[in-house]
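This report concerns only the one structure given below.
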Amino acid sequence: MVTIEVDEAFAFDFLSIAVVKAKKKLNGAKEQLVFYYDSLEFQLGIKFHDIIESEEYKELIRLNEKIYDKLEIIRKDPNLILASVIDELNSERYKIKKKLQFKFFNKDIKEVKSNERR
């Protein structure tokens, strides 16, 4: 395994994706979720619990579940959902990550969206 530094919001988005995969009962997802959960909890302590109980984190889970469900539909028939639907959900997710990052860590995220100007 390798370790890279990422924005905290990125890590919580990643954790929320692991939550969705565990909810969908994908093979190995529960173990993966526990591993990520424990790692973040160890690094952040009490702040970790404040974040996972926040509306922003719950919204990341909701959006990632919605994206997952739309992608499952697309896998069955690519013509059923427009790419713009996924793009819009990803844009919403990006805004929530920015909000989470600023609320809990008082800084912006480093992720750059292709349609965003800095």
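Taking Glu116 as the residue in question, decide whether it is assigned to a helix (DSSP H, G or I), more than 19 Å from Glu8 (Cβ to Cβ) and either at pLDDT 95 or above or more than 13 Å from the chain's Cα centre (by Cα) (or both). So that I can check it myself, show each step before the final result.
On the way: assigned to a helix (DSSP H, G or I): no; more than 19 Å from Glu8 (Cβ to Cβ): yes; either at pLDDT 95 or above or more than 13 Å from the chain's Cα centre (by Cα) (or both): yes.
So Glu116 does not fit the description; no.
Got a number for residues in the stretch 92-118 being in contact (Cβ under 8 Å) with a residue 24 or more places away in the chain and closer than 25 Å to Lys24 by Cα?
Selection size over the stretch 92-118: 5.
The values are calculated or read from the model by the stated rules, or taken from the named source; none is laboratory data. Everything numeric here is computed off the predicted structure, so don't read it as measured data. Here Cβ is always computed from backbone atoms with ideal geometry, including for glycine, and neighbour counts include all displayed protein chains.
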